[in-house]
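K.L.:
Structure provided below as structure tokens; questions to follow.
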Amino acid sequence: MKETINDKTLKELEDLFEKKSYKKFRARQVYRQIHINKVNDFDAITDLPKDMRFDLSKDFKFAKVEKIKEYKSGIDRTKKYLFELEDKNIIEAVFMDYNKRKTICISSQVGCRMGCSFCASTKNGLKRNLTSAELVEEVYSLERENGDINNIVIMGIGEPLDNYNNIVKFIKIITDEKGRNLSHRSITLSTSGLVPRIYDLADSKLDVNLAISLHYAFDYKRREYMPVAKKYSLENLIKASDYYLEKTKRRVSMEYVLIDGVNNTKEDIDQLCRLFKGKNIHINLIPLNPIEEFKHEKTKKALINKFQVALEKRGLNATVRQAMGSDINAACGQLRNNYAR
Ligand code: SAH
């Protein structure tokens, strides 16, 4: 079995190369080609001797994340991609170009096992985790298409904290100063709320931005729509969020998908105040993207704005997430599901 090469730290590459008796500087050379020049083919590393390229390609491979479909928005510069992996599994990613910042939204798993009832990505369960090599290649595939990006949000298909080790390795690689050198601060990880892993992430020193898919201010409501809430109460989730802020000094975002008549009543506003008044958190209001399996309407703009104003009046910090590429906006996971059908 060939080992993947694009998920190795420089140190790991140096050790591997030393075992194969390559000169040490070769590791740095290859590492720069992979992470700065975004090469994913040994033949393209033309500053290596030909026989070394051949030898390397016998021992190593690049993870395969190949574009098979691209959807371009007609109203803004958003693009959605379907990528195929080596084992023919399909994932989705989104490229957004807004306010002079290029942001990509990437998948962390093939499918998902969290079972949130409003989410398309979880309807066929979890197939497998993405490897750290695939995560790196997912980003570089998008960058080869669109140039270097400024921000990464890990909000595509999958629960990143359910693929914890690979996500951590991936973040270490793309933030490495000697390689891609992306700032930790330009990465946002979104979780449905795996409490123990939030503590791990806080302790990891990765200092990325954390977004929590809160969506409901009452445990009884959250449990109805998000099975993970049966395991971790809001009280414990918010304790973990407080710990994250304390450790990283990064303000946590609470994502709140508005569902008319379900979580936008006066009682929800009161409860949000009880939970967060005086806390340094930010509430990010998101319109519901209807999916076939979840029979609720797309949230109207006026309704979201009204809810935002109501929260602000009560002293909570809330903003409305800008909808991007709404004409190609099959809710996250829907493109993949439709493609499979
Ligand atoms: N599993 C992670 C990250 C992927 S989901 C998480 O749960 O945070 C990214 C975001 O999209 C989450 O906030 C999720 O709740 C939200 N989401 C899922 N389905 C949605 C839908 N139909 N409409 C709007 N947002 C949705």
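The values are calculated or read from the model by the stated rules, or taken from the named source; none is laboratory data. Not measured: the values here are computed from a predicted model. When we count neighbours, we look across all protein chains shown, and the Cβ atoms used for this are built from the backbone with ideal geometry, even at glycine. The accessibility values were calculated without ligands, DNA or RNA, using every heavy atom of the protein model including side chains. Shrake-Rupley method; radii C 1.70, N 1.55, O 1.52, S 1.80 Å.
K.L.:
Restricting to Cα atoms and excluding each atom paired with itself, what does the Kirkwood estimate give for region 208-287 in Å?
P.N.:
This gives a value of 12.9 Å.
K.L.:
Give me the 1.4 Å probe accessible area per residue for region 243-341, excluding ligands and nucleic acids, in Å².
P.N.:
I get 53 Å² per residue for this part.
K.L.:
Further question: Between E177 and N165, what is the label-point separation in nm under the 7 Å Cα-to-beta-carbon projection?
P.N.:
It works out to 2.8 nm between the two label points.
K.L.:
Another question, then. Given labels modelled 7 Å from the Cα in the Cβ direction, how far is it in nm from Y339 to D200?
P.N.:
Between Y339 and D200, the simple spin-label model gives 2.8 nm.
K.L.:
A further question on this structure: When the Cα centres of region 276-341 and region 167-218 are compared, how far apart do they sit, in Å?
P.N.:
Region 276-341 and region 167-218 have Cα centres spaced 21 Å from each other.
K.L.:
Then there's this: With +1 on each Lys and Arg Cβ and -1 on each Asp and Glu Cβ, how big is the dipole of region 25-169 about its Cα centre, in debye rounded to the nearest 20?
P.N.:
220 debye
K.L.:
Given the rule -39500 (n - 2.57) for each run of at least 4 DSSP H residues, summed and divided by the residues of the chain, what is its mean residue ellipticity at 222 nm, to the nearest 500 deg cm²/dmol?
P.N.:
Helix contribution divided over all residues of the chain: -11000 deg cm²/dmol.
K.L.:
Given F118, G315, H35, which one lies farthest toward the positive end of the charge dipole of the chain, if we put +1 on the Cβ of every Lys and Arg and -1 on the Cβ of every Asp and Glu?
P.N.:
Checking the options against the dipole of the chain, the answer is G315.
K.L.:
Considering the chain as a Gaussian network with a 10 Å cut-off on Cα pairs, which listed residue, V262, V139, V252, attains the greatest mean-square fluctuation?
P.N.:
Most flexible of the set in this elastic network: V262.
K.L.:
For region 171-309, would you read off the P(r) tail past 20 Å as a percentage of all alpha carbon pairs?
P.N.:
51 percent
K.L.:
Just the accessible area per residue of region 11-102, please: how many Å² with a 1.4 Å probe?
P.N.:
Spelled out: the 1.4 Å probe surface of region 11-102, per residue, equals 58 Å².
K.L.:
Still on this structure, please answer the following. Relative to the longest principal axis of the chain, what angle (0 to 90°, nearest 10) does the C-alpha long axis of helix 10-19 take?
P.N.:
30 degrees
K.L.:
Then there is this: Pick from K221, K295, K169 the residue whose mean-square fluctuation is largest in a GNM of the chain, springs joining Cα atoms under 10 Å.
P.N.:
It is K295.
K.L.:
Considering only protein heavy atoms and a probe of 1.4 Å, how much of the accessible area of the chain is carbon and sulfur, as a whole percent?
P.N.:
48 percent
K.L.:
Determine the distance separating the Cα centre of region 1-58 from the Cα centre of region 128-154; give it in Å without decimals.
P.N.:
Here the answer is 20 Å between Cα centres.
K.L.:
Tilt of helix 132-146 relative to the longest C-alpha principal axis of the chain, in degrees (0 to 90, nearest 10)?
P.N.:
The angle comes out near 90 degrees.
K.L.:
If you wrap region 1-117's Cα atoms in a convex hull and average its projection over all directions, what's the area in nm²?
P.N.:
Mean shadow area of the hull around the Cα atoms is 10.7 nm².
K.L.:
Given charges of +1 on the Cβ of Lys and Arg and -1 on the Cβ of Asp and Glu, with all other atoms neutral, how large is the dipole of the chain about its Cα centre, in debye to the nearest 20?
P.N.:
Dipole magnitude for the chain comes out near 480 debye.
K.L.:
Sorted by accessible area with a 1.4 angstrom probe, largest first, how do E137, E267 fall?
P.N.:
The residues order as E267, E137, largest area first.
K.L.:
If R0 is 25 Å, what FRET efficiency do you get for R77 and R185 from their C-beta distance, rounded to 0.05?
P.N.:
0.60
K.L.:
Further, regarding this structure: Could you give log10 I(q)/I(0) at q = 0.11, 0.23 Å⁻¹ for region 265-341, computed by the Debye formula over C-alpha point scatterers of equal weight, without solvent?
P.N.:
For the requested q values the scattering log ratios are -0.38, -1.07.
K.L.:
Quick check: convex hull over the Cα atoms of the chain, volume per residue in Å³, rounded to an integer?
P.N.:
138 Å³
K.L.:
Moving to a separate point now. For T265 and R113, compute 0.36 nm times the residue count separating them, minus their Cα-Cα distance, and round to one decimal in nm.
P.N.:
Additional length available on full extension: 51.8 nm.
K.L.:
Distance in nm between label sites at D219 and E84, each 7 Å beyond Cα in the beta-carbon direction?
P.N.:
Spacing of the two 7 Å Cα→Cβ label points: 4.8 nm.
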